[in-house]
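The numbers here are math on the coordinates, done by the rules we state, and not lab data. What you see is a predicted model, and the numbers here were worked out from it, not measured in a lab. Don't worry about glycine lacking a Cβ; one is built from the backbone with ideal geometry, like all the others, and counts go over all protein chains shown.
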Amino acid sequence: MKKLEGKIALITGGNSGIGLATAQLFKDEGAKVIVTASSLSTFDKAKAELGAHFDVIQADVSKTADLDRLMDTVKQKYGGLDVLVANAGIANFLPTTEITEDFYDRMMNINVRGLFFTVSKALPLLRKGSSVILTGSSISIKGMPGGSVYAATKAAVRSLARTWSTEIPPSQTRFNVLAPGPTETPIFSKAGFTEEQQKGFYDQILTTVPAGRMAKSEEMAKAALFLATSDSSYVVGTELFVDGGISQI
């Protein structure tokens with residue numbers, strides 16, 4: 001039997017990168033998968049490319065009205081959720097002296113506020129035995145020049161998993177953080193990095209990764225599958241680092 005047979009899974013930011021790889025694996029394991037795209041343009045593209053495989057819904061997690069509409073749609077169509085992957089996020093890097101209020105607010109609004117209200121508004125839909133996976137980052141515990149705001153947002157995600165694990169019985173819903181390390185995804189191109197800048201950034205990071213390579217999105221998806229299923233039934237409130245050893249060695 002497939003590991004997610006008959007389950008309903010919602011993945012925010014599931015139209016690309018780690019989110020898309022996770023959506024594809026969850027579908028292969030029998031789940032009905034709902035993915036979100038943040039803007040009308042990304043929704044149209046995702047709907048055209050992925051609509052035959054997933055239920056694609058336009059929702060910007062930084063807007064509570066969008067989240068209300070998303071959860072209402074999920075409730076009406078599916079009645080509830082078995083897995084929630086709060087994955088939508090952005091990664092931008094600047095030296096502290098160059099960070100503006102707009103830069104700071106956008107990162108916090110999507111990575112922290114958006115994730116917080118995604119989970120809080122999904123709580124009434126989460127069935128007994130459900131799993132919530134929050135996408136964090138190995139940067140949450142490892143300093144990196146230019147990463148002050150991004151790292152702070154992911155440290156907040158880690159803290160939320162701990163708090164929610166004390167507020168809600170694990171027998172009802174388990175909360176855990178998946179903390180990727182350097183992964184080949186479009187997130188940096190979306191942040192405005194040129195190909196040359198991306199290569200320079202990756203080359204710099206790779207000098208510190210014990211595994212000596214970037215991760216594939218599919219490797220993160222396999223870790224998410226573990227956290228989503230009863231294979232991880234005794235894993236509660238943890239931060240699972242899938243980072244080639246960068247944060248641990």
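Comparing Ala224, Ala152, Ala86 in a Gaussian network model of the chain, where Cα atoms under 10 Å apart are tied by springs, the biggest mean-square fluctuation is seen for Ala152. Across 10 Å bins from 0, what is the distribution of all Cα-Cα pair distances for segment 141-249, in whole percents? Spelled out per bin, shortest first, that is 13, 39, 34, 13, 2. Dipole magnitude for the chain: about 700 debye, using +1 per Lys or Arg Cβ and -1 per Asp or Glu Cβ, origin at the Cα centre. Taking other C-beta atoms within 10 Å as the exposure proxy, Thr183, Thr173, Thr100 rank Thr100, Thr183, Thr173 from fewest upward. Screening the chain for whole DSSP H helices with an alpha carbon extent of at least 24 angstrom along the helix axis and a mean Kyte-Doolittle hydropathy of at least -1.0 yields 148-167. Annotation note: trypsin sites (Lys or Arg not before Pro) in segment 144-249 located in DSSP loop regions with a Cβ neighbour count of at most 14 within 10 Å are Arg213, Lys216.
Farthest toward the positive end of the dipole of the chain, out of Leu225, Ser138, Val112, is the Cα of Leu225, where the dipole comes from beta carbon charges about the Cα centre.
Near Gly146, the amide H atoms lying under 5 Å from its own belong to Thr96; only residues 5 or more places off or on other chains count, and H is placed 1.01 Å from N.
Across Thr166, Thr118, Thr185, mean-square fluctuation computed from a Gaussian network of the chain (C-alpha pairs under 10 Å connected) peaks at Thr166. Sorting Glu239, Glu98 by the number of Cβ atoms found within 10 Å of their own Cβ, with the fewest placed first, yields Glu98, Glu239.
Here the Kirkwood formula, the inverse mean of 1/r across different C-alpha pairs, assigns the chain a hydrodynamic radius of 18.1 Å. For Arg174, the amide hydrogen comes within under 5 Å of the amide hydrogens of Ser130, Ser131, Val132, counting only partners 5 or more places away or on other chains and with H modelled in the peptide plane.
From the Cα gyration tensor of segment 1-89, with a ≥ b ≥ c the square roots of its eigenvalues, which class applies: rounded if a/c is under 1.5, or else prolate if a/b is larger than b/c, or else oblate? Verdict is oblate for segment 1-89.
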